[in-house]
Amino acid sequence: MIRIFKIFRWIVLLFCFLSIWGWMVFHAVTGGQKLGPFKPIVLWIAEFPHLTRQVFWDGYFQKNDLLVENKFDQLQDFSEVNTGQNNEFLLISQWDPNYKQSIIRLYHLQDNSIIKEWIPQFDEFIDHFDSTSLFVMNDYQRLNYSKSGFVKDRARIIHPMLLKDYSIVFNFMYGPLICIDSSSKLQWIVNGNYHHSIEKDAEGNIWVPGVEYQSQYFQDLGIEDDVINKFTPDGTLLYSKSVLDIFVENGLRAYEFGEYFINKDVVHINDIQPVMKDSKYWEKGDLFISFRQGSTVFLYRPSTNEVIWYKRGPWLFQHDVDILDSNRISVFGNDVFYIGFNNLASIDHNKYISYFADHNDIYIYNFENQEITKPYTHMFDRLSINTATEGRSEIYRDGTVYVEETNHGRHLLFNHQGLIQQWIFAVEDEYVLMPGWSRRLMMNDQGILVE
């Protein structure tokens, strides 16, 4: 009887302790001040289990964003699905748990076999980096590319582009532009701060955005300006133009300077899409450019320094503009808005974003009648596709759509009728490899892989 009483007493004491502790934690996290100097201690103790898990389980995986939490419990791994036909391929960059760095792979989508892989020798690159290149860590801390600043297991390869000789051009989402050959040996490095999309024009030259960390329009304020750049396939710079200059010189300065708050990432170009042939509405050599901060897509003619056309919205914070035919373009709209901050480069995106419709969308703009349609809204809604940042889409001639839901590491194929296939690249069940802007390629009649 005494033993039962002691157990009951301990249960009561434990319940009282947990009740008091629960109140203290709730009071602290909701901003209460009654705990005085003990408040930070209570918060630290409350976070200790989470910190312990990070150290002993998440450990290596969670120190960067190259792996993300697996939110797709029932979704098949890439190795388990049939994703394409005999002439279809996927070029993708991902962190690899064996090499413990980002690598590039070319998959044959008929059987998901690895056709080829490139393993960049990051240690070899370091000797070629200079002080003009800044490595952006995943907490948005900028470090010089050097033996002390460049952390190869946190370097994310972005939008690798395959050349005819199977060499690869890529960037690090802010950092040097790099080319390696088919054996992964370094061909050339262009120091600087290049980011986001890498695209070829009709002459085979390479267009890529860059950033100037000190804009002439905001001297000593740390406000950045983006630059559009054209390189030859051997890395020679042919053309470079400030985006702020483009807007000012074309009478569009209000798009950049007309905001009540100007954050440091005032421009943020995330896609440059070269025009490959003439049409009624554009000329070969023109560029469709996605200006994320202004939720604007514009058509720019470098030969005359003219903005031929521009449109703000209805897409919001969009990525990836594509030319569909002679009179239509598509735009991948993230359709989010940010609240509670004025500096995009130093925030937790998931904490400060809101969706208008809980999903992304694809907008199609028709230059013939200026109409905008969203023919795939029902699929984006049904499949809950919602990458807050980044994201890629491609619409094929038969109406099939490929989407890279970048933030969550999911890849999808669907059409108007429904889902064709979706997959992830899983690691340790709990994690998914986040892609670095993949390309779905086709082999043409000459045996060359093209987009």
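Okay, here's what the table says:
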{"quantity": "In sequence order, calculated HN-Hα J values of the range 411-427 (Karplus, 6.51, -1.76, 1.60; Hz; x Gly/Pro)", "calculated": "10, 9, 10, 8, 9, 5, 7, x, 6, 9, 6, 8, 7, 9, 10, 8, 9"}
{"quantity": "Percentage relative contact order, the range 60-450, counting C-alpha pairs under 8 Å, at least six apart", "calculated": "14 percent"}
{"quantity": "In Hz, Karplus ³J(HN,Hα) per residue of the range 110-126 (6.51, -1.76, 1.60; θ = phi - 60°; x = Gly, Pro)", "calculated": "5, 10, 6, 6, 7, 7, 7, 9, 10, 10, x, 8, 4, 4, 5, 5, 4"}
{"quantity": "Rg in Å to one decimal, and Dmax rounded to a whole Å, for the range 60-450 via C-alpha atoms", "calculated": "19.9, 55"}
{"quantity": "Protection proxy ranking, peptides 302-312, 423-433, average beta carbon neighbours within 10 Å, highest first", "calculated": "423-433, 302-312"}
{"quantity": "Sequence-distant residues sharing a close amide H with residue 361 (under 5 Å, placed H)", "calculated": "333"}
{"quantity": "Per-selection Kirkwood Rh - the range 186-240 (Cα, Å, 1 d.p.)", "calculated": "12.3 Å"}
{"quantity": "Those trypsin sites (Lys or Arg not before Pro) in the range 348-429 that DSSP places in a loop and that have at most 11 other beta carbons within 10 Å", "calculated": "397"}
{"quantity": "Charge dipole (the range 60-450, unit charges on Cβ, about Cα centre) - positive-most of 108, 399, 268", "calculated": "268"}
{"quantity": "For the range 276-290, 3J(HN,Hα) per residue [Karplus equation, 6.51 cos²θ - 1.76 cosθ + 1.60, θ = phi - 60°, Hz, x = Gly/Pro]", "calculated": "8, 7, 5, 8, 5, 10, 7, 10, 4, x, 5, 10, 8, 10, 9"}
{"quantity": "Violating pairs (Cα-Cα greater than 18 angstrom) within the set 200/284; 200/311; 116/200; 164/185; 241/311", "calculated": "200/311; 116/200; 241/311"}
{"quantity": "Long-range amide H partners of residue 227 with built H, under 5 Å", "calculated": "210, 211, 212, 243"}
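No value in this document is a laboratory result; all are computed from the given coordinates. Given the structure is predicted, the values throughout are model-derived calculations rather than measurements. Every residue, glycine among them, receives a Cβ derived from its backbone with ideal geometry; neighbour counts consider all protein chains shown.
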